[in-house]
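The values are calculated or read from the model by the stated rules, or taken from the named source; none is laboratory data. Just so it is clear, the model here is predicted, and its values are computed rather than measured. Virtual Cβ from ideal backbone geometry, glycine too; neighbours counted across all protein chains shown.
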Amino acid sequence: MKGMTVIVKTISSWIKVFIFMFGIYITITGHLTPGGGFAGGVILASSYVLLMLAFGREFVEENLPLAAASRLDCLGAFLFAVIAILGMVLGGSFFVNFLYQKYLPGEPLNLISAGTIPLSNIAIGLKVSASLFLVILTLSIFRPDISADKKEQN
Amino acid sequence: MLYALCFLLFMIGLYCAVVKKNMVKIVIGIMIMEYAVNLFLIMLGYRAGGVAPIVTRDQLGSTLGQVLPTFINTSVDPLPQALVLTAIVISLGSLALMISICIRTYQRYGTFDITEIRRLKG
């Protein structure tokens, strides 16, 4: 698990920033262009998966520990629920777009428009990126340790 | 005709999931079945010569907030696409679950062959 060759390490350390920025772009312009929270979150997670493939699992675990990723995961779900319940408190019904109705009308096709939908996209992107990163990290932790089990059989 | 091809793809996935004995191949068959259903749903909403259902500045009339009727008459149905996006997310979650079950089974038994996995172990 020491990672790949120096060529792969150099190229992936250059390119990881661009993948991350592209994921953030897809997430925050999800109400204007194709994409949104899920696609942006997958791209954000894939930048970390690239690092995991190039540098090994331990490097990524130092950068973003398991507990921190789990907290980000929970934070995304919590933010999404908070936006939904704020719609119930301020607008009268679950998931009401209260920002668009009352506080921030905004022009169509601008970045600041559509009320709570960009905020929901950011929450979904956080949730999806952290949980997909956690899925791949936990799958890579498992090692097929057959020898110990065969000893148990005997 | 195209719907028959979708059905054929579904049947290939079903064959793979039922006949094969390797657990990983069963997982691949289940995913092929899911993709066949997704393709069928996308094709239900397609319209010949339609445009993508994305509102850009060209599709808006002189007054912002009013979509041109030509856009409405030519765009494909966005509802199956949203449904399929949700289905893709759920199939990703179920794929992760199935793969982790395969890994744990291999860790326990040392094989992927379902005919050799006979008795339960704690």
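Pairs only if they're at least six apart or on different chains, beta carbon under 8 angstrom, first in the range A:91-117 and over 17 Å from residue A:30 (Cβ atoms), second part of a loop (DSSP other than H, G, I, E, B) and modelled with pLDDT under 70; list them, first residue then second.
Going by the 8 Å Cβ cut-off, the qualifying pairs are A:107/B:64.
Looking at the range B:81-98, I want the residues that are free of Cβ contacts under 8 Å to residues at least 12 places away in the same chain and within 16 Å of residue A:132 (Cβ to Cβ) and have a partner that is aromatic (Phe, Trp, Tyr) and not in a helix (DSSP H, G or I) with Cβ atoms under 8 Å, at least 6 apart or on another chain. Which pairs are those?
none
What pairs can you find where one residue is in the range B:15-43 and in contact (Cβ under 8 Å) with a residue 12 or more places away in the chain, the other is among the aromatic types (Phe, Trp, Tyr) and outside any helix (DSSP H, G or I), and their Cβ atoms are less than 8 Å apart, with a gap of 6+ or different chains?
Short answer, once both residue conditions are applied: B:22/B:112; B:23/B:112; B:24/B:112.
State whether the residues of the range B:72-95 include one that is polar (S, T, N, Q) and at pLDDT 90 or above. Outline the logic, then answer.
Residues of the range B:72-95 that are polar (S, T, N, Q), as a first pass: B:73-75, B:81, B:86, B:91, B:94.
So of that shortlist, the ones also at pLDDT 90 or above come out as B:91, B:94.
Among the residues of the range B:72-95, at least one is polar (S, T, N, Q) and at pLDDT 90 or above, which makes the answer yes.
Are any residues in the range A:18-52 out of contact with any helix residue (DSSP H, G or I) (no Cβ under 8 Å at 6 or more places or on another chain) and in a helix (DSSP H, G or I), and if so, which ones?
A:18, A:21
One residue is enough: does the range B:16-25 have a residue meeting the conditions within 14 Å of another protein chain (Cβ to nearest Cβ) and crowded, with 17+ Cβ neighbours inside 10 Å? Talk me through it step by step, then tell me what you get.
So the first thing to find is which residues in the range B:16-25 are within 14 Å of another protein chain (Cβ to nearest Cβ), and the list is B:23-24.
Okay, now just the ones that are also crowded, with 17+ Cβ neighbours inside 10 Å, so B:23.
Yes, the range B:16-25 contains a residue that is within 14 Å of another protein chain (Cβ to nearest Cβ) and crowded, with 17+ Cβ neighbours inside 10 Å.
Could you list all residues from the range A:25-38 that are without any contact (Cβ under 8 Å) to a residue 24 or more places away in the chain and surrounded by fewer than 18 Cβ atoms within 10 Å (Cβ to Cβ)?
Answer for the range A:25-38, where residues must be without any contact (Cβ under 8 Å) to a residue 24 or more places away in the chain and surrounded by fewer than 18 Cβ atoms within 10 Å (Cβ to Cβ): A:25, A:33, A:34.
Across the range B:65-94, which residue is nearest to the other protein chains (Cβ to nearest Cβ) among those that are over 25 Å from residue B:31 (Cβ atoms) and of a type in the set (Ser, Thr, Tyr)?
That would be B:75.
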